[in-house]
Amino acid sequence: MKVRVVLALGVAMVLAMVLPLALCGPDPTPEEAVRAVIRSTAEACEERRLNDAMDAISDTYRDEDGLTRKQLYGLLFREFARDGRLGVILGPMLVEIDGATARASFPAAFGESSGLISLPEEADALHFELDLVLEDGDWKITWHRRSPVFDAGL
């Protein structure tokens, strides 16, 4: 009887150590990690979770217009204070990794949303380029550029 209890406890301890490792799967590739950061940041924006959205922004952030991390926080704070749900749809993403830096390029559509997949006619369609850097094991956005997907002159 004692042997069975000890054996059962031993098996339980081994399973407790091994099972979480098996369920986690392999670590994501750098490209997968960059994509995940961008997707989670878009989700945080949709749900107006400012601090979660800012988690992906490096302290060294500065965009092509000179906007710093602190100024970006203020801009998003004002945007998130509005009523309504923000809809974000990410398009196909190109990610290039170069050691501890990365560049991501993708189209995205933004607009007020009721939570449905479609966005209203007033939605903005922008093309984004992001530079990211690996900081303490996490990918952080250091710069971005945006431009209209569609030329308004057409």
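Here, each number is a calculation from the coordinates, and none is a lab measurement. Remember, it's a predicted structure, so these values are computed and weren't measured experimentally. Note: ideal-geometry Cβ built from the backbone for every residue, glycine included; neighbour counts use all protein chains shown.
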Separation between the LEU134 and ARG39 pseudo-spin-labels, each 7 Å from Cα along Cα→Cβ, expressed in nm?
2.0 nm
Where a ≥ b ≥ c are the square roots of the eigenvalues of the C-alpha gyration tensor, would you call the stretch 26-148 rounded, which needs a/c under 1.5, or, failing that, prolate if a/b is larger than b/c, or oblate?
prolate
Here, trypsin sites (Lys or Arg not before Pro) of the stretch 62-107 satisfying both criteria (DSSP loop; at most 16 other Cβ within 10 Å) are ARG82
For ILE57, distant residues with modelled amide H under 5 Å away
ILE141
Amide H neighbours of VAL149 under 5 Å, counting only residues 5+ apart in sequence or on other chains, H built in-plane at 1.01 Å?
ALA125, LEU126, HIS127
Point-charge dipole on Cβ atoms (K/R +1, D/E -1) for the stretch 26-148, about Cα centre, debye to 20:
280 debye
Just to check I understand the Karplus step: with θ = phi - 60° and J = 6.51 cos²θ - 1.76 cosθ + 1.60, what whole-Hz values come out for the stretch 43-49, glycine and proline as x?
4, 4, 5, 4, 8, 6, 9
